[in-house]
Structures are given as structure tokens and as C-alpha cells.
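Since the structure comes first, as C-alpha cells, the remarks are kept for the end.
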Amino acid sequence: MNKRGSILRRLMLQLVGAAAVLAAILFVLFQSFARQLAIEAQDNTLFASASAILESVSVQQGEVNVDIPYAALSMLGNVSDDRVFYRIGMGAVPLTGYDDLPGKPGADAVSWTDQYRGDDLRMVQVSRALSVAGTLRDVTVVVGQTQGGLAQKLAQISRMAIFIGAIYFVVASLFAYWTARSTVRPLNAVAEAVARRGPLDLRPVTKPVPSEMAPLMVALNAFISRLDRSLTRSEDFIVEAAHRVRTPLATVRAQAEVTLRRVDRQENRNALKQMIRAVDESSRAAGQLLDHAMVAFRTDHLDQQALDLGAIAAEVVERQTPVAALKDITFDVDITAGGGFNGDAILIQNAVTNLIDNAVKYSPQETTITVSVKGNSLKICDQGPGFPAADIDTLTDRFARGTNVGNTVGSGLGLTIAHEVALAHNGALTLSQNPKGTGACVTLSLPS
Amino acid sequence: MRHFIFAILMWMPVAVFAFEIESEALFEAENETARLRIISSTDEAVFAPIIAQFQSLNPSISVYYVVASSAEISKAISQENEAFDIAISSAMDLQTKLANDGFALQHISAATALVPAWGNWRNSVFTFSQEPATFVLSNAAFEGLEMPRTRQDLISLLRAQPDRFDGKIGTYDVRTSGLGYLFATQDSRTSETFWRLTELMGSLGAKLYCCSSQMIEDVSTGKIAIAYNVLGSYAAARTDLADAVTIVAPQDYTAMMLRTAVILKTATAPDVAGLFVDHLLRGAWGAPPAKEVAEYTRPIPLGPGLLVFLDRLKRRQFLAEWTNAIEQ
Amino acid sequence: MRLLLVEDNARLAAAISDMLVLDGHAVDHAGDLATARDFVDTADYDLILLDIMLPDGDGRVFLQGLRKRALDVPVIVLTARSEVSDRVGVLDLGADDYLVKPFDFSELEARVRAVLRRRGGARSNVQRIGDIAFDRLAGTLEVADERIDLRNRELRLFEVFAANPNMIFSKTKLVDRLFSADEDVSENAIEVYVGRLRKHLTGSAVTITTVRGVGYRLSIL
């Protein structure tokens, strides 16, 4: 079977790949958004602190005073364990705090990152104009904070982003798997439905399928109907061939027989008899060739039915009785009930008919053919010439005829057909000598 | 402990210091592999057993223990870059500033994990002792009088009996006592009674002290009847005065000073310093507390808030107001 | 017996008719289904020999029609198809037996005989010869109400004589009647069977007499 990839696998890979890409995008978006929020939050806190300090700047008796609210710095301690630095200045004159803390001169409500005492600080600056001793002076408050707390928060955010991305990926992958499987299910359903069919079922497949599969189903059904037509044509051809071969043969034989009854002279009679014999051989050959073709055809698609070998044998014996009676041949039938096997009814009937027909043909006048069935084993013994020991192995070969059949008409396919039918059913055909004196025995055994 | 000889009270001038020290001692170990230098505001006598225990567990480590005032400690480290491994101080605001200004090393261990969140700032400042600010009252002076349990009680009492308590109240001079300044400033932001009480004390001619010991002595002798915002642990340590004084932890709230240890950036052997700090912390936090902590006790919070009252303008402002209130 | 032969091949039909007439039957021949239906509507037949592939239709449809009209006449189907499925199908449709072309006449006669015997019918077919009651259909011989058991060939031999009591049959003719064309039998075999028949007939008023140089003849004593 030529396989090129798997739809399921391809679907899965693509969907999972898409999920991975989306998860990564989700991660990046979440991360950057959350980082933004975290940085803003820190800035907001710093601004609150700086603003509170700025509010507390006052002018008393021409002097600038700052009464830093306790909360202005303790609030920063509540948010994180970062180190805090501040500077309050008026113009270029430092008022209090860490005098060497950097700032952005002239700016109000700005935030930036700076270096101080070897660390990165997040800084904010706010300023306000104050009237000091008659002049307007700019008071600035700078508050800075190390970014340890922010770093922790960002790490937490990263972890959360990875977690969300991972969860999304897992869920999306599961979803992808479920989706892929359910998409592929109709394919499997159709395959199963077709596989379940019996060998002779050539009806169109009518299972409902998704619209994308419609062209495939149309092609499949077209193929099935072509096959059906082809098989029908073959069957018709076989029937036609049979008819065309047999009808003229029948005419010749009938006329020969009529003439035989009207003719007395021995040499004429002999000639007519030979003609009749030739016709019989041809028609037998044709019949068995057709049978053989049918067996070969059917063994590829065995129809399985529950069959009773005893019942089949009984039927065939009954049908052959008139013919056997012509030669005063009697059937001794012994069928024990029980057994039962699954097989192709037509093939089995064909095989049994061939074997009993053989027995009748090779039995001399006024003899007995024993037909016994035990379980799934059929044994037919005649009192004819029997199988020569040398021939036993080769008799089931195609067209082999025994060395002692003499003038009896036969094309040699009878045993072959029965043998092939037995093999097709995992059974066996065995030839042996009749234990009671002369004659041949054929045993058809089938597994249950 | 008998494995080695160690010299306590060996007066060895190890170095010349540019700041004022109160005492120094070297606890020497045999086969010394490391020397721990500790600068502390706590008396050596108090710390000696702790050091001894430490050395029994770490026999090859010597300990050089220098005692100085908390202000001097801060100056030594931040301004004079004196090389010490550990700074131990009762001035939690100064310790916090040291850590904030980058003079501390971070230390994380199983022992530091024992410290509650309010007692650990940035894994740099660890508390190992919490001591309350209390009223210390003279039993004799309060004969027949109900002792005040809250600040409001105290205010009512002083208002009711001004003559009895005139000149009989003592408290820290916050201009010179770091601990006094800490207690006073925390008081001022915690309760609305502080300024009223301060004015009241000022009007009654309160005596100002530099140190807890003197204040407690004077209470025991009856020279003063009430010592306000005094470190309760020192009072409690004076078991000899147990009959004479009563220590009252104010029930409206009792501020708790956190005595802290900081490993300094200048430590030459930070691991050894860590060992000592761990030992200290395990001793403090290893076992569940001996007695339940009353719900009105409030540990003063560690954090940048403590920097506020260290601000020069803020301090100037506060001292001006306080002086105004207390000196009438 | 009155037989209807439905067969489109004229030569074959002629040959079969001749054989059956020689056996003593009356044979009507229809070359297609339309004619066959006409015949069936107008006359009663003891047996119908039906071909499958006819110019104006499938013989099986005709058979189905018969059975649907509750016409119970025995039918033997003559077919060129030998597949078991077809044979079984034919029997299911209501045929009594079938023969695959080309067939041996002896087989045809044997099956006709078997079908007629099976179907019996009201018509009694007992022929009295001398003191012998001969039921052709049942294939029984009774002498003074005593049943004589004969083998198949012996019976058929008697039947040949009984059909033409005063006719002399040559050995050759008897061979033709008793043995199928592909059996290689010498004329001595006839002697053996005649001998056996004579033995069975001892004690009755009927016997087989030899006509020297010509053949045999049935005689009533």
C-alpha cells in the first residue's frame, strides 16, 4: 500500500503549530502589556509619594519648609522592599534629602530611569512654583526607587505569561487533536462501511459524507458501477459462450442419437457412436472449463454462509439417482447429523456434484456407491477400477486422468475443481483406495 | 568550651578609631581562621553569652566586639567607612538608613526565613529583639493612687493632680537621645495624645534625660514619679528595683523598638558574618515565644518610612516644635 | 404421454421429438413462448420440456406464469447454463427437474420417467398383458397380484416389449433402447438381460420368445 503522509498527522501538526504560534503571540502580548502596567504602577506610586511631599512644602516667615508626610515614604515601603531616595530642592539650591540625587531641571511630572550610587533607579520629578519672599521660585521634588520590586513583579508576570501561554497551547492542542480526529472520522467511516460489505455487494455507497468528500464518493460509486457492469458483462459473456457452444453440440448429439436408432450397419453405428462420444467430450470439457473459471472467480470473494454438508450431499444424490439408475447403480447413503461450516454454497455444491458425477461415471453396472457424511467430512466410494497407486498424487493436477480410465469420457477437471474448492475453504481433498475390495474413495473434508 | 582559651576583657587596642567608642573586647579563638568584627550599641555584658555560645559552635572564629552609641555607629559606617562585618543597634531608623544607602549586604538563609515579614527589611536588616516603650512608675509615689494604663489615663492624671506631679516627670531629651527621638516621633504620628502630653509634661517642668539607666534609677529613688516612653527592657533588667518600680506597657498601644543586626558591605568575611547573624536569629526566633504578645503592642515598622524623621528639615521642624512644647 | 416441447432450435427440436415419439409419446412443438402459451391454453399436457433462451423471452418467465395460474403441469427445463445458481433458481421457480444441453437421451427418458412417476396423477396407467399388470409410471410388474421386483434395465426392457407386444426387436434396437450412446456394449449383454427377464416371467402367461436371426418378441401364452 502506497502511503503518502497522513491527513490526521498533517492536520495535527498544522493545528498544533498554529496553536504554538498563537501561544507565543499571546505570551508576548500579555508580557508586554503586563510589564507596561507594572511599570506604570510603580511610576504612579512614586508620583503619589512625590506629590505628597510637594504638597507639604510651605513658606513660613520667608523661609521654605518641608514637612515630609510619613506616608509619603512609608507607602513606598508598603509596596515593595526597594531602597528609596529623595531630593527636595528650590531651583539649584538643595533643601533636603539626598542632595546628589539626579533630576531633570525644569521638568514637572516626568519619570525616567537613572543611575545613582551604582544602581538603576526609577525616578519621578514633580515641581511647583512658590512665592518666596516676593519672588516666584520653582520647588522640585525628586523621588527615586530601586527596581528590585519591579523586577520581581516582572518575573512573576513572565511566569504567568508562560503559564497562560502553556495552558492555551495545551488546550488548543487538545482541541486540535479532537478536531483533526473528528474531521478524519467520515473517511474512516466510509472505509469501514465499504470494507464490511460482502464480496458480491456492488451497490453504490450511500453513506452521508461532508461536501469535500462528495467528488471522491461520486468517483467511488462510478468505479463500483463500472466494476459491476464489467462483472455482469463477464457473467453474461460466460453464459453467452456456454449457450453458443452447447446449443450446436446439443443439436449434433440429438441428431446423431436419432440416426443411431435408425441405423443397423455396424460400421455406421460405430461412426455415429464415436461422433456422440466426441460431442460428449467437448461439452463436458466446456462445462468443466466454465465451472473451473467460476470456481477461480469465486474463491477470491468467498460468500460465507452456514452450510450443512450432509444436506448438500443428500440433494446431489437425489438428483443423480435417475442417471445412476440407468446403469443400475445404487447409492448407499449414510449421513450423520452434526457438523456445519461456513462456506460458499455454490462452490460446495459444485464440488460435491463433480465428485458424485465422477463416481457414477466410473462405476460399472450394478454396483453401489457409498456416500457417507460425518460432521464436515464427505466420503464417496465407488466399486470401479480404483486409483492406481502411482496416480494418486497427480490426479488432482489439472487435466490429469488416471491410467486406468480407459474409454470413459472425462476431461479430467472434476477432481481438480473439487480440490480447488476444498483448498479455498482451508479444507482438503484426499484420494484413497476403497477399503472394501476394489474401487476408489474420495474424501472432502472441510474445517468447521 | 574548655577546648580553647579565650581572653575576655583583654584590652587590646586593635585600631585607632575616628569615632567615639565606649568599649571594645576581643573574644579570641584558638587556631583562629577568621575574625568577626562587630560594632554594636548593646553592652558587651549582654552579648557575651551569645558570643560564647557562637564560639562553642564555631571554635575557630574570633569575635572583636566594639560598643558605641547608635549615632556614632551610623557615622562610623556611612561617613568614615570603618571596616566592620556586622552592625548591631537599637536605632532601627539609622540601621534602615544604612541599608537604604547601600552599606548593607543581603543575607538569606534558613535562619532568616524564621524572621517574620515585619522584622526583615530587604533581607538586610533583621530584628532579633523587640523592646517596648513603657511608663515606669514609682510604687512609692503612686501609693493610694491608681496607676495610669493608657496615655489618656496619664493625661487625665496629670491634669487632675498637677501639684503632685510637678517636676516629677521624666522623659528622654529627644535632641540628644536617638532612642528618645525614635519613640517620640513614632508616638507623634501614631496617636493624637502625643503633643498634648508633651505640652502637659512641659508645663509640669518635666526633667529630660539622656539615658534610660539614669531615668530608671531616679524613679526607683522616687526622685521622679513617672518616666515616660522609657525602654521597658532596661527597666525589667533591673531586677533589684522590682519592688520599687512598676513597668506599665500602655494599653492604648505600646510601641516596640526593634533591635536589629545588619551585615555590612565592608565585611571581609560575609559568610562568617552570616553564620553569626543566623545564630542570633535562631536564638531569637528558633523557638516559639515564651509568652503571648499582647495585641496592643505595635512593632515600629521597618522601611523607608523611617527615613522621614531622619530628614534634616523634618527633624529641625520636629525638634523646634518639641522644644517649644517641653520647655515652658 | 402427451408432451409439449418448447425449443427454438428447429433441428434440435426435431431430433428430440423423434426420440420421444419412438418412445411412444405424443409430442407438440412450440418454437417460441407465444405459441407455447397458445398450446397450453388449448390442450392438457402430461409434461412440458422447456428451453430457457427463447427468441421472444426467458423460459423462466413462462414457467412463473404457469405456476401463477395454478397450472400444475410437470416441467423439465432444458438449459445451456450449468451454473448451480441457475439450476437451483429454476427449481425454485417451480420446475420439476432440469437437463443441461447437450444431454444424453437415456438421461432425458430417465428424468421424464422419474418426474411423471413422482407426479403420479389421477390417470391410471396400468397396462394388462396376459396375466401381468404393468404400471408404466410406477414401474411395477404384478403377476397374479404378486409383485415382481425387477432391476431398472430389466424393467425398461419389458417396457419396450410391452409398448409393442407383437413387434420383433433386433438386438441392436434393444441395445439402443437400453444403453446410452456412450456405453460400449456388445449384443451379448442383451442376451443376459433377456435371460433375466425370462426368469422373472416364469410362472406367468407372458414370455419373451427368440426369433432366430431376427431378434426377440413378447408372446402371450
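The values are calculated or read from the model by the stated rules, or taken from the named source; none is laboratory data. Predicted model, so just to flag it, every value in this text is computed and none were measured. Please note: Cβ atoms are built from the backbone with ideal geometry, for glycine as well, and neighbour counts cover all protein chains shown.
Below, the figures for the structure above:
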read-out: Filter pass, C:Val115 being surrounded by fewer than 20 Cβ atoms within 10 Å (Cβ to Cβ), in contact with an Asp or Glu (Cβ under 7 Å, 6 or more places away or on another chain) and either assigned to a strand (DSSP E or B) or within 14 Å of chain A (Cβ to nearest Cβ) (or both); value: yes
read-out: Flag if C:Leu63 is among the hydrophobic types (A, V, I, L, M, F, W, C) and closer than 13 Å to C:Leu5 by Cβ; value: no
read-out: Test: residue in the range C:126-133 that is in contact with a Lys or Arg (Cβ under 7 Å, 6 or more places away or on another chain) and outside any helix (DSSP H, G or I); value: yes
read-out: Residue that is modelled with the lowest pLDDT [pool: residues in the range A:358-369 that are closer than 19 Å to C:Asn152 by Cβ and away from every other protein chain (no Cβ under 14 Å)]; value: A:Ala359
read-out: Residue match in the range A:60-83 (condition: assigned to a loop (DSSP other than H, G, I, E, B), under 21 Å from B:Arg122 (Cβ atoms) and of a type in the set (Gly, Ala, Ser)); value: yes
read-out: Residues of the range A:59-68 classified as more than 7 Å from chain B (Cβ to nearest Cβ) and either crowded, with 17+ Cβ neighbours inside 10 Å or in contact with an Asp or Glu (Cβ under 7 Å, 6 or more places away or on another chain) (or both), total; value: 1
read-out: Strands (runs of 3 or more DSSP E) enclosed by the range B:12-81 - at least 3 residues per element that are acidic (Asp, Glu); value: none
read-out: Leading residue by the ranking (farthest from the other protein chains (Cβ to nearest Cβ)) among those in the range B:278-328 that are over 29 Å from A:Arg83 (Cα atoms) and surrounded by 15 or more Cβ atoms within 10 Å (Cβ to Cβ); value: B:Ile326
read-out: Which listed residue, of B:Ser89, B:Ser78, is without any contact (Cβ under 8 Å) to a residue 40 or more places away in the chain and not hydrophobic (A, V, I, L, M, F, W, C); value: B:Ser78
read-out: Subset of the range C:1-27 (residues that are buried (at least 18 other Cβ atoms within 10 Å of the Cβ) and more than 14 Å from chain A (Cβ to nearest Cβ)); value: C:Met1, C:Leu3, C:Leu4, C:Val6
read-out: Any hit, the range A:346-357, residues being modelled with pLDDT of 90 or more and closer than 19 Å to C:Asp182 by Cα; value: yes
read-out: Any hit, the range A:46-54, residues being in a loop (DSSP other than H, G, I, E, B), within 12 Å of chain B (Cβ to nearest Cβ) and surrounded by 16 or more Cβ atoms within 10 Å (Cβ to Cβ); value: no
read-out: From B:Leu204, B:Leu179, B:Leu241, residue being touching a residue at least 12 places away in the same chain (Cβ under 8 Å) and farther than 20 Å from B:Ala320 by Cα; value: B:Leu241
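Quick grid of which residues meet (1) under 21 Å from the mean Cα position of the chain (by Cα); (2) more than 21 Å from B:Arg282 (Cβ to Cβ); (3) at pLDDT 90 or above:
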| residue | (1), (2), (3) |
| --- | --- |
| B:Ala34 | no, no, no |
| B:Ile38 | yes, no, yes |
| B:His107 | no, no, yes |
| B:Thr112 | yes, no, yes |
